[in-house]
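Engineer: Just dropping this structure here.
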Amino acid sequence: SPHFPDGIESLPPQGSAARGLPPLPYGATVADAERAGRRLHNPIAEDPSTLKRGAAVFSTYCVVCHGASGLGDGPVTKSGFPAPPSLLGDASRRLPDGRIFHIITYGQKIMPGYAAQISREDRWKAVLHVRRLQRK
């Protein structure tokens, strides 16, 4: 930053949290993903507005790999990028909501985490959209 003599901005103090959001007590590990699956439950009620927002989030961030229907056939797979597993398969259907939320938040295997791009509330709405795709 040009506002400081050494060019370095101040970092938040260690252990601080953004206002209004308690930190998630999970890391990007398989053990924490499993724990999130057991402990986290979707706090967002399914209604037309939340489903609409979940679909918009999915369309913006997920379709490129997962495809519009969740089959794992998004546009990037046609140019050689490895296809993700289908969100409609048995393994994905068996994942608890908290585990899907953890995957969106922290990533898994080659999928990056989206916590910096997608708000916590919108990640839960995306989970609702995935469940809706699975019911179709």
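Engineer: Which part of the stretch 110-136 falls in the paramagnetic zone of Asp47, meaning amide N under 20 Å from the point 7 Å along Cα-to-beta-carbon?
Structural biologist: 120-132
Engineer: If amide hydrogens are placed 1.01 Å from N in the peptide plane, which non-local residues have theirs closer than 5 Å to the one on Gly107?
Structural biologist: Those qualifying (amide H under 5 Å, at least 5 residues apart or on another chain) are Gly113, Tyr114.
Engineer: Measure nothing fancy, just the Cα-based angle from helix 97-106's long axis to the longest principal axis of the chain, in degrees from 0 to 90, nearest 10.
Structural biologist: It works out to around 50 degrees.
Engineer: Carbon and sulfur: what percent of the stretch 36-103's accessible surface (1.4 Å probe)?
Structural biologist: 60
Engineer: Angle between the Cα long axis of helix 30-39 and the longest principal axis of the chain, 0 to 90 degrees, nearest 10?
Structural biologist: Value to nearest ten degrees: 80.
Engineer: In terms of solvent-accessible area of protein heavy atoms at a 1.4 angstrom probe, what is the ranking of Ser92, Ser59, highest value first?
Structural biologist: I get Ser59, Ser92, largest accessible area first.
Engineer: Given points 7 Å out from each Cα along the Cα-Cβ axis, report the Arg93 to Arg38 separation in nanometres with one decimal.
Structural biologist: Those two pseudo-labels are separated by 2.5 nm.
Engineer: Sticking with this one: How much of the pair distance distribution for the stretch 44-136 lies past 18 Å, counting alpha-carbon pairs only, in percent?
Structural biologist: 39
The values are calculated or read from the model by the stated rules, or taken from the named source; none is laboratory data. Here the structure is a predicted model, which is why all the values come from computation and not from measurement. Don't worry about glycine lacking a Cβ; one is built from the backbone with ideal geometry, like all the others, and counts go over all protein chains shown. Each accessible area value is taken on the protein alone, full model and side chains, heavy atoms only, with ligands, DNA and RNA left out. Shrake-Rupley method; radii C 1.70, N 1.55, O 1.52, S 1.80 Å.
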